[in-house]
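Chemist: Before I ask anything, here is the structure I am working with.
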Amino acid sequence: MIGAIRIAVVDDHPLFREGVTRSLDEIGGFEMVGEGATAQDAERIVSSARPDILLLDISMPGGGLASVANILAGHPGQKIVMLTVSEANADVTLALNAGVCGYVLKGVGSRTLAEILRNVAAGESYVSPTLSARLLSDLQSLQPGNGTADRLRQLTGREAEILRLVGEGLSNKEVALRLKLQEKTVKHHMTGVLSKLNVRNRTEAALLLREGRDRADGRP
């Protein structure tokens, strides 16, 4: 992206908001365009300030997860990163299914957070490594006797191509533009991918693809 990345932070702990704002300001390359403490604040800030990325906590008045659906319904291109203490699998899955671009735990260092935000602004997605590993472990435990490679081999060439681009962080619209397809065609193929891999969302599918590549490369 050209210029500073425009950030808004919504969290009901003022000291935490101030810490994030100060840290990103010291690192440079970011412009703070809004702060709030409630889900209603988040929706108002997105409508008025149009940040490049909205940093959103889960536990706040009105509910962070509840506000995601409302925000994306009105602003489908808005990038949202959950910045939270919650490591609950249910929260991670709900957030990813709702369409967030990232799920980051609050213990992250400021420079790591800055790098995550740069990557998200560039179109990538992010889930804290410990949570990614746990989600993948849960997926594997639900699929005894059905290895990752076997499931990936079920995909058609087009499905594998689309999954590869999704794994790079592209949206359905961006995949459609890249492959010169209709967006509804990409959605249809992704439905087939999720069904064949027996996963719940795009992130889980991308995790399986990554694991398959690592095994093929001989990585543990």
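Chemist: Quick check: residue separation of Arg210 and Phe16 times 0.36 nm, minus the Cα distance between them. What number comes out in nm?
Modeler: Details: separation 194, 0.36 × 194 = 69.84 nm, distance 3.35 nm.
Result for the pair: 66.5 nm of gain on full extension.
Chemist: Find the relative contact order for segment 1-118 and round it to a whole percent, using C-alpha pairs within less than 8 Å whose residues are 6+ positions apart.
Modeler: With pairs under 8 Å counted, the relative contact order is 24 percent.
Chemist: Counting just the Cα atoms, what span does segment 44-95 cover along each of its three principal axes? Round to the nearest Å and put the largest first.
Modeler: Sorted largest first, the three principal extents are 31, 18, 17 Å.
Chemist: Sticking with this structure for a sec: Measuring from label point to label point, each 7 Å out along Cα→Cβ, what is the Ser23 to Leu105 span in nm?
Modeler: 1.4 nm
Chemist: Considering only protein heavy atoms, what per residue accessible area in square angstrom results for the chain with a 1.4 angstrom probe? Mind showing how you got there, number by number?
Modeler: Numbers: 10980 Å² over 220 residues.
Counting only protein heavy atoms, the per-residue value for the chain is 50 Å².
Chemist: Length gain on complete extension for the stretch Gln40 to Lys180, per 0.36 nm per residue less the alpha carbon to alpha carbon distance?
Modeler: 46.6 nm
Chemist: Separate question: How large is the helix-only mean residue ellipticity at 222 nm for the chain, computed as the sum of -39500 (n - 2.57) over DSSP H runs with n ≥ 4, divided by its residue count, in deg cm²/dmol to the nearest 500? Mind showing how you got there, number by number?
Modeler: Working: 11 runs with 125 residues, N = 220.
Helix contribution divided over all residues of the chain: -17500 deg cm²/dmol.
Chemist: Find the relative contact order for the chain and round it to a whole percent, using C-alpha pairs within less than 8 Å whose residues are 6+ positions apart.
Modeler: RCO, the chain: 14 percent.
Chemist: A further question follows. Which order do the peptides 99-107, 13-21, 189-197 come out in when sorted by mean C-beta neighbours inside 10 angstrom, highest first?
Modeler: 99-107, 189-197, 13-21
The values are calculated or read from the model by the stated rules, or taken from the named source; none is laboratory data. A quick note: this is a predicted structure, and the numbers were derived from the prediction, not measured. Cβ coordinates were reconstructed from backbone atoms using ideal geometry, including for glycine residues, and neighbour counts include every protein chain displayed. Remember, those area values only see protein heavy atoms, side chains included, never the ligands or the DNA or RNA. Shrake-Rupley method; radii C 1.70, N 1.55, O 1.52, S 1.80 Å.
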